[in-house]
Amino acid sequence: MPSAATLAGMGKGKTLQLRDGTEWEGAMSIDVRQAPRPGRRDEEVDVLIVGAGPSGSVAAKHLSAAGFSVVSLEQGHFPDRNAYAGRRPEWELVSQKQWHPNPNVRDLPRDYPIETSESDINPLMFAGVGGSTTLYAAHWTPFLPSDFRTRSLDGVGDDWPFTYEDLLPYLDEIEREVGVSGMPGNPAYPPHGSYPTPPLPIGKIGYKAAQGLDKLGWHWWPGTNAIPSVPYNGLNACVRRGTCMTGCPEGAKSTSDITYWPHAIKNGARLVTGARVREIEVNDNGFATGAVYIDANGREHRQRASVIILCANGIGTPRLLLLSRSKRFPDGLANGSGLVGKRLMMHPFSAVLGVYEEDLESWRGPFGQNVDSLQFYETDEKRGFVRGAKWGAFPAGGPLGATAFVGSKVFVGDEANVEESWGENLHRTVERRFGHSVVWGIIGEDLPEESNRVVLDPVLTDSDGIPAPKILYKFSENSQKLLQFHVARCLEATKAAGAIETLVVHQMRDTGWHLLGTCRMGDSSATSVVDQWGRAHDVPNLYIFDGSSFPTSGGVNPTATIMSVALRQTRHLIAERRSQEAA
Amino acid sequence: MIDALQRKTFLAIADVLIPAAEGMPAASQVGVGDEVLDRILSLRDDLREPFVRGIAAAAGKEPQAAVEALNRHDPEALGAIGLVASGAYYMSPRVRALIGYPGQEKRPGNPDEIPEYVANGMLQQVIDRGPIYRPTPK
Ligand SMILES: Cc1cc2nc3c(=O)[nH]c(=O)nc-3n(C[C@H](O)[C@H](O)[C@H](O)COP(=O)(O)OP(=O)(O)OC[C@H]3O[C@@H](n4cnc5c(N)ncnc54)[C@H](O)[C@@H]3O)c2cc1C
Ligand code: SF4
């Protein structure tokens, strides 16, 4: 082990190492937010965090609260609630472009493009403070006990270094910070205390969805969402506008620009937006020394730090490691195992639309989950595949939503032609479906496979000329069988609820909203990238706190677990500050 | 700028796609060729090029035949014209009133109210069916 200073003095008390901010003068395109305590030029901070989405925000808030000097570099900007289109009549039109979750469709300079010609799923994300949760549906679905033990229980994937029970105290704390709304007592989970805010109304669509499941004796539960039903931690109460997936114009959907950053900034953390990191630098001893980043005017800057935490998501984090090649790390930083970028899991997804006779006001929000079902979540080998899926019931949106889902036109027949889609048939379709539809979204567990991976594209670059990621991803046989089984059951439930028309979109392409597994955690440096605390095996002062570190994907939306894991790792870093080595 | 001729061609095509039928007005009857057209094309700049291309190909042709030709030879252009037309149509207050769509309005719930699924025993049945998770193996 190279000789190294330790960080015994790191984050002592509240005496932060201050900066004067002069470094940023003239760089008008970057927005630096910090409580009024200016810092010194080019100062080395205790912790540098890349990415201000949920995982980076958890780390920034808690590290700054413990007295660490923290700088966060985020390529996107601080969100402006008034820019969200939800209150405007053109909402549906712009949700198919400017607010589409696929960065390749949005085509904005703050996003990086992604080469997807060899991927069955398009990855979805958003660049900005709050990260991809700016557009998320806020379904709050922590991983279940079996998700941490797929190898022991089902002989697939890998067991996690910790259990559901180990993570539970962190989850409880995160739920209080996030302001989750929900109903306690869900029999799909071990007993769990109450949520900080009461459940949101499940609406007529929620009742319709639940009725079908009740007829079949199947599990359902009122949706648990990262959307408070009463004002909470800077958030307003949800008013059910239903435009959650294009940004909440009411400031009611829980995103870290509202729930975390005001606290972190008050604690002295510095948030630099419009700052795209292109490389993590290392010294001759193999320690990370800081990051090189480019502001929105194309000017290059350097930020030095004792510890670096990557929170750039399951694609951005391996991209950055692969970009950070050096003599010492020719295959990319922290890539001794060769696993950086590999085992990408994005959750195969299908949707079932059920149309009903009754008026269900199915444009009403929230566009979180109104009810969910975990009836077929656990493995049953008789089904011919392992693991399972979560179903979440959504409203169907406005009149353009009669044929579209989350900005993509998918609910049209295979043989869609002019006569079928237009003319009198348009009126009939809208009359039949609009306000009368429930969409079940089926999120299937993705098993880790090394062939599904993120690499650097040799040609495509972002707006700063930095190589863009390329995705190589194929639906596995297990995923295909899993989705076929679930779609068949979901159609049964939809029909049991009395649907007069059903449509299925199988293995939908624009559904890579969960980006996991590309820098997996584990005990051995030969078979994992980071240890159970998120620390890179090969670089003792480099950490990964986002979903890249997940050994398996679960079959539920991952943000609750991503944030809980980030808090667990942050607490460990704080507790171990005296033994933390630095360059 | 969309000129008068382009507007006229657009309206004729829009009426093929969205005719007066099933108790609903035709696209041209709710002003889809008015300022809303310019507004949509500025909001969705990406649609402008295929829209203009499609309108140019359709100019002077019988509208139904023009739509069929576009569908065969330039479905992207027809898609753009169709999205502009339907986007404008469903933004029209008259159309919204007819289909019963108030827009994505506020309608807060009452968090203090006991949900009906609790009051009527629906949720109790789910609980009574018992736990369905597999616990962490010892
Ligand atoms: C449309 C959509 C719907 C979703 N719905 C749900 C849901 O209902 N429930 C759920 O649990 N999850 C949902 N998710 C997933 C959820 O958004 C993510 O799990 C979560 O945001 C992950 O947090 P993160 O901090 O790890 O990454 P992100 O939120 O992706 O944040 C990463 C940040 O890093 C920044 N970054 C990346 N590279 C660089 C760089 N080189 N330099 C500087 N900054 C960089 C990015 O700009 C971004 O802001 C959804 C996602 C999408 C896109
Ligand atoms: S439903 Fe609630 S969270 Fe969603 S956009 Fe409306 S107010 Fe915001």
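Derivation of every value follows stated rules applied to the coordinates shown; laboratory data play no part. Computed from a predicted structure; not experimentally measured. Note: ideal-geometry Cβ built from the backbone for every residue, glycine included; neighbour counts use all protein chains shown.
For Cα pairs less than 8 Å apart in space and 6+ apart in sequence, what is the mean separation divided by the residue count of region B:5-83, i.e. the relative contact order in percent?
36 percent
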Where in chain B are the helices, taken as whole DSSP H runs, whose Cα atoms extend 18 angstrom or more along the long axis and whose Kyte-Doolittle mean reaches at least 0.0? B:4-17, B:75-91
How high is the relative contact order of region A:450-497? Use alpha-carbon pairs under 8 Å, at least six apart in sequence, and give a whole percent. 30 percent
Acute angle (nearest 10 degrees) that the helix A:559-575 long axis makes with the longest principal axis of chain A, alpha-carbon atoms: 20 degrees
Taking the convex hull of Cα positions in region A:243-344, its mean projected area over all directions (nm²): 9.0 nm²
What is the helix-to-structure angle for A:164-178, meaning the angle in degrees between its Cα long axis and the longest Cα principal axis of chain A, kept from 0 to 90 and rounded to the nearest 10? 90 degrees
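How long are the three semi-axes of the equivalent ellipsoid for chain A, computed from the Cα gyration tensor as the root of 5 times each eigenvalue, in whole Å, largest first? Mind showing how you got there, number by number?
Details: eigenvalues 303, 124, 105 Å².
Working from the Cα gyration tensor, I get semi-axes of 39, 25, 23 Å.
Over 30 Å between Cα atoms: which of A:Lys97/A:Lys474; A:Lys342/A:Lys390; A:Lys390/A:Lys474; A:Lys382/A:Lys495; A:Lys382/A:Lys470; A:Lys204/B:Lys138 fall into that group? All intermediate terms of the calculation are to be shown ahead of the outcome.
Working: A:Lys97/A:Lys474 26 Å; A:Lys342/A:Lys390 25 Å; A:Lys390/A:Lys474 21 Å; A:Lys382/A:Lys495 24 Å; A:Lys382/A:Lys470 37 Å; A:Lys204/B:Lys138 42 Å.
Violating the 30 Å Cα-Cα cut-off are A:Lys382/A:Lys470; A:Lys204/B:Lys138.
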Could you pull out the longest piece of chain A with no exposed loop GluC sites (Glu not before Pro) in it, calling a site exposed if DSSP puts it outside H, G, I, E, B and it has at most 13 other Cβ atoms within 10 Å? A:26-356
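For region B:4-99, count all C-alpha to C-alpha pairs, find those more than 20 Å apart, and express that count as a whole percent of the total. Before the final figure, lay out the partial values.
On the way: 1337 of 4560 pairs.
Considering region B:4-99, 29 percent of its Cα-Cα pairs are separated by more than 20 Å.
Quick one: of the DSSP bridges fully inside the protein assembly as shown, what percent are antiparallel, nearest 5? Show your work: numbers first, answer last.
Numbers: 57 of 80 bridges.
For the protein assembly as shown, the DSSP antiparallel bridge percentage is about 70.
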For chain A, the longest principal axis of the Cα atoms and the Cα long axis of helix A:424-433 enclose an angle in degrees, to the nearest 10, of 70 degrees
Roughly speaking, what is the centre-to-centre gap between region A:71-94 and region B:50-70 when only Cα atoms are used, to the nearest Å? 35 Å
